[in-house]
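Colleague: Encoded as structure tokens, here's the structure I'll be asking about.
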Amino acid sequence: MPTDELFATHALTVRYGGVLANDDVCLTAACGEIVGLIGSNGAGKTTFVDAVSGFTRSDGAVSLAGRRLDGEPPHRRRAAGLARTWQAGELFADLTVAQNLSVAVHRPGWRTALGDVFGARRPPDAAGDVERALAVLGLADAAGRLPGELTLGQQKLVGVARALVGGTTMLLLDEPAAGLDTRESAEFGGELRRIADTGLGVLLIDHDMTLVLDVCDRVYVMDFGAVITSGPPERIRDDPAVLAAYLGSAVAQ
Ligand SMILES: Nc1ncnc2c1ncn2[C@@H]1O[C@H](COP(=O)(O)OP(=O)(O)OP(=O)(O)O)[C@@H](O)[C@H]1O
């Protein structure tokens, strides 16, 4: 099990009016580790990703490779290496797979515009970055194809690949396997392991318990915004309180 800590939150707290959506959440991930975050609908999982990536206001600390990111705007957190996917992470239908990734590498703004004009300050080796991300996920042959020509499983992987470009070191995946069948989901899990094996930290939120329990090194369980337990999948799978609250009898059998 990887031990060098890459990513950590401490006492992360989010309030939406009277709703305590995240309550003192402390979560860590190491380089090469896949960490799961599970909980019933409305438990606060997406809120956690929104808070960590800077898209919702929060109290508490977020750090990546020892650098504090809380208080930073989303683009700075992204530039620091923290990347996320969105539940409705549609691809651009009229762009090729490679172009879908290039869009994520290319940062808009006046600096980039000046860089384009004067030939300076281009993203370092953007094409190589896209190529590497596609290769890690076995999508090199799909680079020139349109998303509509791919299977749903491949499209999901392109969404993940898009979050890999741009110097990502910590990947936050919010229900990336939604809609996949059992076989596609298992293959998807294998690809996540390949990503982690390159040294990235991965946070996986998904309602597919088979995927989460099979692929994660550790799993956090959230209830009403708070982490109620965490540990290796074998322990989470057998925890009666977790089974009763979230996993249901299907997994218990
Ligand atoms: N923008 C918002 N404004 C107000 N309340 C919100 C907002 N976003 C989420 N909430 C509330 O915060 C709580 C946590 O919601 P969140 O979407 O984070 O849960 P979740 O675990 O991701 O659920 P799901 O599994 O259904 O995606 C819920 O009570 C939800 O209604």
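The values are calculated or read from the model by the stated rules, or taken from the named source; none is laboratory data. All of these numbers come straight from a predicted model, not from anything done at the bench. Cβ atoms come from the backbone with ideal geometry, glycine included; neighbour counts cover every protein chain shown.
Colleague: Being within 15 Å of the ligand (Cβ to nearest atom) and surrounded by fewer than 17 Cβ atoms within 10 Å (Cβ to Cβ) is the filter here, so list the residues in segment 25-51 that pass it.
Modeller: Ser40, Asn41, Gly42
Colleague: Could you give every pair whose Cβ atoms fall below 7 Å, whose first residue belongs to segment 83-111 and is among the basic types (Lys, Arg), and whose second residue is at pLDDT 75 or above, counting only separations of at least 6 or pairs across chains?
Modeller: Cβ pairs passing all conditions: Arg84/Val49; Arg84/Ser53; Arg84/Ala163; Arg84/Leu172; Arg84/Asp174.
Colleague: Looking at segment 52-65 only, could you name the residues that are within 16 Å of the chain's Cα centre (by Cα) and either more than 14 Å from the ligand (Cβ to nearest atom) or among the basic types (Lys, Arg) (or both)?
Modeller: Gly54, Val62, Ser63, Leu64 - these are the residues of segment 52-65 that are within 16 Å of the chain's Cα centre (by Cα) and either more than 14 Å from the ligand (Cβ to nearest atom) or among the basic types (Lys, Arg) (or both).
Colleague: Could you please let me know if Val227 is of a type outside the set (Gly, Ala, Ser) and either part of a helix (DSSP H, G or I) or touching a helix residue (DSSP H, G or I) at 6+ places or on another chain (Cβ under 7 Å) (or both)?
Modeller: Judged against the criteria, Val227 is not a match.
Colleague: Given the conditions (1) of a type in the set (S, T, N, Q); (2) surrounded by fewer than 17 Cβ atoms within 10 Å (Cβ to Cβ); (3) touching a Gly at 6+ places or on another chain (Cβ under 7 Å), and given that Thr85 satisfies all but one, which numbered condition is not satisfied?
Modeller: That leaves (2) as the condition not met.
Colleague: Could we say that Val105 is within 16 Å of the ligand (Cβ to nearest atom) and surrounded by 19 or more Cβ atoms within 10 Å (Cβ to Cβ) here?
Modeller: Values: within 16 Å of the ligand (Cβ to nearest atom): no; surrounded by 19 or more Cβ atoms within 10 Å (Cβ to Cβ): yes.
No; evaluated as a whole, the condition is false for this residue.
Colleague: Are any residues in segment 28-42 part of a strand (DSSP E or B), more than 13 Å from the chain's Cα centre (by Cα) and more than 14 Å from Leu213 (Cβ to Cβ), and if so, which ones?
Modeller: The answer is Thr28, Ala30.
Colleague: May I pose another question? Output the number of residues of segment 156-202 satisfying the condition of being in a loop (DSSP other than H, G, I, E, B), within 11 Å of the chain's Cα centre (by Cα) and aliphatic (A, V, I, L, M).
Modeller: Summing the residues that are in a loop (DSSP other than H, G, I, E, B), within 11 Å of the chain's Cα centre (by Cα) and aliphatic (A, V, I, L, M) in segment 156-202 gives 1.
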